Each structure stands twice: as C-alpha cells, then as structure tokens.
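Chemist: Pasting in a structure now, in structure tokens, and then I'll have a few things to ask.
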Amino acid sequence: MSIDLARVLAPIGVAEFQDEYLEKRPLVISRGDPLYYADLLTLEGFDEILSTSHLRPADLRVVRDGQESAPGSRACSGALGLEEVYAQYREGSTIVLPFIHERCRALTELCAALSAELSSGAQVNAYLTPRNAKGLGTHYDTHDVLVLQLAGHKHWRLFEPPLRLPLPGQPFKKDEHPCDAPLQEFDLHAGDALYLPRGFVHDVESGDSTSLHLTVGLLPITWAEVILAAVESAVEDDSRFRESLPPGFATNADIGGHAEQQLAELLTHLTAAICTRSAMTNATAAAWSATSAVLDRHLLDLESAGTATLDTPVRRRPSLRWRLAGDDAGISLHFHGKRLTMPPCLEPDLRFIAAAERPFTGRCLPGHLDEDGRLVLVRRLLREGFLTAAGAPALPAAGG
C-alpha cells in the first residue's frame with residue numbers, strides 16, 4: 001500500500017493539518033494500531049539494514065544523553081565494527097541511521113510523495129533507543145518534523161519555542177534558550193505520530209522496551225530563501241550594487257549621512273529590479289528538484305531501450321511526479337528535477353503518455369507522428385526514466 005501525507009496524518013485531514021497545524025502548533029495522533037506504519041519499516045527491517053548494509057562510521061551516529069560518540073575506529077561492515085556499535089547500544093546509547101530513505105524503497109517513496117504534496121524537501125532518519133534511555137539532548141530542530149513511532153514507546157516533553165520558525169543558521173543554544181515548565185507531556189506508542197513545527201524545544205526518553213521511530217524532516221523553501229536569491233540575482237545584474245561604500249563613511253558623519261541616502265536609493269532600485277515571476281519560477285524549480293527520483297529497473301530500461309519496438313508494452317513510471325508546460329518554444333515535460341522540451345506538435349502524445357494509468361505501446365499514441373517518430377519518442381522517454389518497461393497487456397493501438 002502506498003503512503004502519502006493523507007495516510008501519515010489520518011484521521012486528521014490534509015486540509016485541516018495545513019490550516020490548523022502547519023508551522024503553527026504541534027499535532028499528536030494516537031491510534032492504538034501498532035502496525036499502522038509497518039509497511040514503512042519494522043524493527044526486523046532496521047536490524048537487517050544495520051547488519052547487512054555494510055555501514056561505515058560516517059553512515060550512522062551513536063548518541064547518549066545528548067552526547068555523540070564515535071561508533072568505533074573500524075569500519076562497521078565487519079563483525080567487530082558492528083559489535084562496537086552494539087556494545088554502546090547495550091550501554092544505553094541510541095543508534096541513529098541518517099538518510100535511511102536512501103536505503104529503503106518504502107521511505108524513498110514516502111519522501112517523494114511528501115515533497116510533491118508540500119513543495120519541500122524531505123528526508124528520513126531512524127532512531128533505535130534501548131529501554132529507559134535518552135538519546136538526543138533537549139533541543140529544537142530548524143526544520144519541521146513528522147515523527148512516526150514504529151516500535152515500543154517514548155515519552156515526549158515539549159517546551160515553548162524561544163524563536164518562531166528558526167532558519168538553519170539559527171540553531172538551538174542551550175545557554176541562550178533555557179526551558180521552563182513543559183507545554184505538553186505525552187507518550188508516543190507504535191503506530192502513533194507527531195508533527196512538530198521547527199523551533200519547538202523538546203526532549204524524549206524511551207519506556208520499558210526498545211523504541212524505534214522515524215523522524216521525517218520537512219525542508220521547506222522559505223520566503224527568506226526566495227528573497228535572498230532574488231536579491232543575489234539583482235546584484236549580479238547591476239554593478240551599482242557592487243560598488244563599495246564611500247571612503248571615510250565610518251569616521252566622517254557627513255560622508256556617512258550621504259552613504260545612508262545612497263543606500264535608500266539603492267534599495268528603491270533593488271525593489272524595482274527584482275522580478276517576482278522569475279523568483280517564483282526559480283522557487284518552483286527548486287521545489288521540483290527536491291522530489292526524490294524513484295528509478296527502480298531503470299538500468300534494465302537503458303539496456304533494452306534501443307531494441308524497443310512499437311509493440312513493446314511500456315508505462316509511465318508509477319508514483320512519478322510530473323507536469324507539462326507549453327509556450328512558444330514548445331511543450332516541456334518536467335520530472336525528476338529536469339525538463340525535456342519538445343515540439344508543440346507532440347503535446348497530444350505527451351498528455352496521453354503522462355495520463356495513462358495502464359500499460360500501452362507506441363502504436364497507441366494519438367498524435368500525428370509516423371511510426372519512426374513514435375518509436376523515437378518512446379525510446380527517448382525510456383532512456384530519460386519517464387517510461388519503464390511493462391510486462392502487463394497493453395492498451396489497444398489507436399484506432400484499434
């Protein structure tokens with residue numbers, strides 16, 4: 001079963017989540033269904049990744065009571081290296097597998113779905129904590145998180161955010177951000193979920209059994225990023241912004257006052273120079289680039305693309321996020337963070353291919369291409385990863 005934002009949040013609806021919780025306040029979802037997220041990852045699956053993926057020290061973290069320790073000088077691919085990790089785990093340390101979505105197909109698909117739905121990046125870390133232990137110290141994250149409890153349970157304490165929606169360059173500082181009484185305390189059990197906006201301080205401790213949870217980091221595109229990128233583009237295009245301040249501005253009040261007037265004039269020019277459409281186009285491209293590409297069997301498609309015929313069953317890659325955009329230059333197909341631009345006459349064929357829910361063959365294309373043209377198009381989309389070979393029966397040919 002595929003998983004998307006709606007299933008992650010159920011029974012809370014996506015619209016309610018975006019209106020009432022997103023970047024506003026925490027959301028705790030209790031289900032009483034310990035197997036709700038079992039198709040994403042289980043304790044057995046984590047064990048298999050840890051024991052068979054030939055992980056090296058750079059691929060994992062070991063933390064205890066807020067202190068991180070090296071997982072051993074040896075590579076963790078051998079028995080001795082893995083034993084060093086487990087020795088620390090037996091002493092109460094949490095094993096963290098960052099970017100576990102790169103090793104698990106279901107989590108890759110989850111990240112792709114969330115990225116597309118929220119127009120943001122997504123990544124997943126896994127945390128395995130022994131009973132009655134605490135891994136990370138009290139802190140806040142600089143990105144929103146969805147916590148999915150897979151096994152065991154953990155006790156959470158949430159505190160007032162000292163800074164609303166901190167940027168990546170504004171990390172939690174224990175000395176500057178003291179914690180008062182908790183805002184909330186609760187337990188997350190297997191099958192439960194938590195949404196936590198960035199900036200909410202929290203700490204977590206496992207209960208009387210091993211705990212495994214996923215932290216899905218949501219990496220938004222902020223207005224700050226869009227504005228800074230637009231300013232940088234304007235600065236690169238206009239040399240006036242690259243001139244230095246007048247000599248003596250820091251020591252001569254008259255020169256400093258004139259410099260202040262110049263700054264006001266430059267800011268007026270800057271506002272006029274920023275193209276909002278271009279800035280949003282770049283932000284849209286960044287959002288599409290953040291979507292994970294799911295390219296299973298693509299190597300096999302590359303090997304067979306050259307021998308594909310008009311009767312070879314193909315299909316649009318499942319769960320692929322795409323869009324079509326047309327202009328005077330042609331029709332553009334956007335997917336996997338790239339753009340393929342083709343002649344406008346191919347629009348009917350591309351829309352048919354993109355919308356097809358069942359396998360089809362090149363003979364099914366509804367446009368006006370001849371047989372050679374149809375074959376070229378199918379082979380190109382196989383090579384680019386938009387199409388993949390399908391073993392199921394195909395739709396009848398156009399007109400058939």
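Chemist: When segment 170-211 is examined, which residues are found to be more than 23 Å from Gln18 (Cβ to Cβ), assigned to a loop (DSSP other than H, G, I, E, B) and open to solvent by 70 Å² or more (accessible area, probe 1.4 Å)?
Modeler: Answer for segment 170-211, where residues must be more than 23 Å from Gln18 (Cβ to Cβ), assigned to a loop (DSSP other than H, G, I, E, B) and open to solvent by 70 Å² or more (accessible area, probe 1.4 Å): Gln170, Lys173, Lys174, Asp175, Glu176, Pro178, Asp180, Ala181, Asp208.
Chemist: For residues that are among the basic types (Lys, Arg) and not in a loop (DSSP other than H, G, I, E, B), scanning just segment 154-169, find the one that is surrounded by the fewest Cβ atoms within 10 Å (Cβ to Cβ).
Modeler: Arg157
Chemist: Of the conditions (1) open to solvent by 70 Å² or more (accessible area, probe 1.4 Å); (2) over 20 Å from the mean Cα position of the chain (by Cα), Ser2 clears all except one; give me its number.
Modeler: (2)
Chemist: Give just the number: which of (1) farther than 30 Å from Ile29 by Cα; (2) within 32 Å of the chain's Cα centre (by Cα) does Gly217 not satisfy?
Modeler: (1)
Chemist: Residue by residue through segment 89-117, note down the ones that are touching a residue at least 12 places away in the same chain (Cβ under 8 Å) and open to solvent by 40 Å² or more (accessible area, probe 1.4 Å).
Modeler: Residues satisfying the conditions are Arg90, Glu91, Phe99, Arg103, Arg105, Glu109, Glu117.
Chemist: I'd like the residue in segment 287-320 that is assigned to a helix (DSSP H, G or I), aliphatic (A, V, I, L, M) and touching a residue at least 40 places away in the same chain (Cβ under 8 Å) and, out of all such residues, is nearest to Pro220 (Cα to Cα).
Modeler: My answer is Ala287.
Chemist: Regarding Glu83, is this residue free of Cβ contacts under 8 Å to residues at least 12 places away in the same chain and open to solvent by 10 Å² or more (accessible area, probe 1.4 Å)?
Modeler: On the way: free of Cβ contacts under 8 Å to residues at least 12 places away in the same chain: yes; open to solvent by 10 Å² or more (accessible area, probe 1.4 Å): yes.
Yes: the conditions hold for Glu83.
Chemist: Would you point out which residue out of Phe46, Phe17 is within 19 Å of Gln184 (Cβ to Cβ) and part of a helix (DSSP H, G or I)?
Modeler: Phe17
Chemist: Could you tell me whether any residue of segment 363-375 is under 26 Å from Ser115 (Cα atoms), open to solvent by 70 Å² or more (accessible area, probe 1.4 Å) and of a type outside the set (A, V, I, L, M, F, W, C)?
Modeler: So far as segment 363-375 goes, no, none of its residues is under 26 Å from Ser115 (Cα atoms), open to solvent by 70 Å² or more (accessible area, probe 1.4 Å) and of a type outside the set (A, V, I, L, M, F, W, C).
Chemist: Could you give me the residue pairs with C-beta distances under 6 Å whose first residue belongs to segment 245-270 and is on the phi < 0 side of the Ramachandran plot, whose second residue is open to solvent by less than 100 Å² (accessible area, probe 1.4 Å) and assigned to a helix (DSSP H, G or I) wherever it lies, and which are 6+ apart or on separate chains?
Modeler: Partner pairs satisfying both residue conditions: Leu245/Ala259; Pro246/Ile255; Pro246/Ala259; Phe249/Ile255; Phe249/Gly256; Phe249/Ala259; Leu270/Ala234.
Chemist: Looking only at segment 212-253, count every residue that is in contact with a strand residue (DSSP E or B) (Cβ under 8 Å, 6 or more places away or on another chain) and either outside any loop (DSSP other than H, G, I, E, B) or under 30 Å from Glu44 (Cα atoms) (or both) and tell me the total.
Modeler: So the answer is 8.
Chemist: Also, quick follow-up: Considering (1) within 17 Å of Cys111 (Cβ to Cβ); (2) over 20 Å from the mean Cα position of the chain (by Cα); (3) not charged (D, E, K, R), say which one Leu50 fails and leave the rest.
Modeler: It fails just one condition, (1).
Chemist: With the structure loaded, tell me whether Ser319 is among the hydroxyl-bearing types (Ser, Thr, Tyr) and either more than 19 Å from the chain's Cα centre (by Cα) or under 23 Å from Arg358 (Cβ atoms) (or both) or whether it fails that test.
Modeler: yes
This table checks each residue for (1) open to solvent by less than 80 Å² (accessible area, probe 1.4 Å); (2) closer than 30 Å to Cys111 by Cα.
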residue: Glu303; (1), (2): no, yes
residue: Asp311; (1), (2): no, no
residue: Arg317; (1), (2): yes, yes
residue: Ala325; (1), (2): yes, yes
residue: Lys338; (1), (2): yes, yes
residue: Met342; (1), (2): yes, yes
residue: Cys345; (1), (2): no, no
residue: Ala355; (1), (2): yes, yes
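Residue by residue, here is whether (1) assigned to a strand (DSSP E or B); (2) at pLDDT 90 or above holds:
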| position | (1), (2) |
| --- | --- |
| Glu68 | yes, no |
| Ser73 | no, no |
| Leu80 | no, no |
| Leu110 | no, yes |
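Chemist: Output the residues belonging to segment 129-153 that are closer than 20 Å to Arg25 by Cβ and open to solvent by less than 30 Å² (accessible area, probe 1.4 Å). Steps first, answer last, please.
Modeler: Here is the first cut: in segment 129-153, the residues closer than 20 Å to Arg25 by Cβ are 138-149.
Result: Tyr140, Asp144, Val145, Leu146, Val147, Leu148, Gln149.
The values are calculated or read from the model by the stated rules, or taken from the named source; none is laboratory data. Being a predicted model, the structure only gives us computed values, none of them experimental. Note: ideal-geometry Cβ built from the backbone for every residue, glycine included; neighbour counts use all protein chains shown. SASA here: full protein model, heavy atoms, side chains in, ligands and nucleic acids out. Shrake-Rupley method; radii C 1.70, N 1.55, O 1.52, S 1.80 Å.
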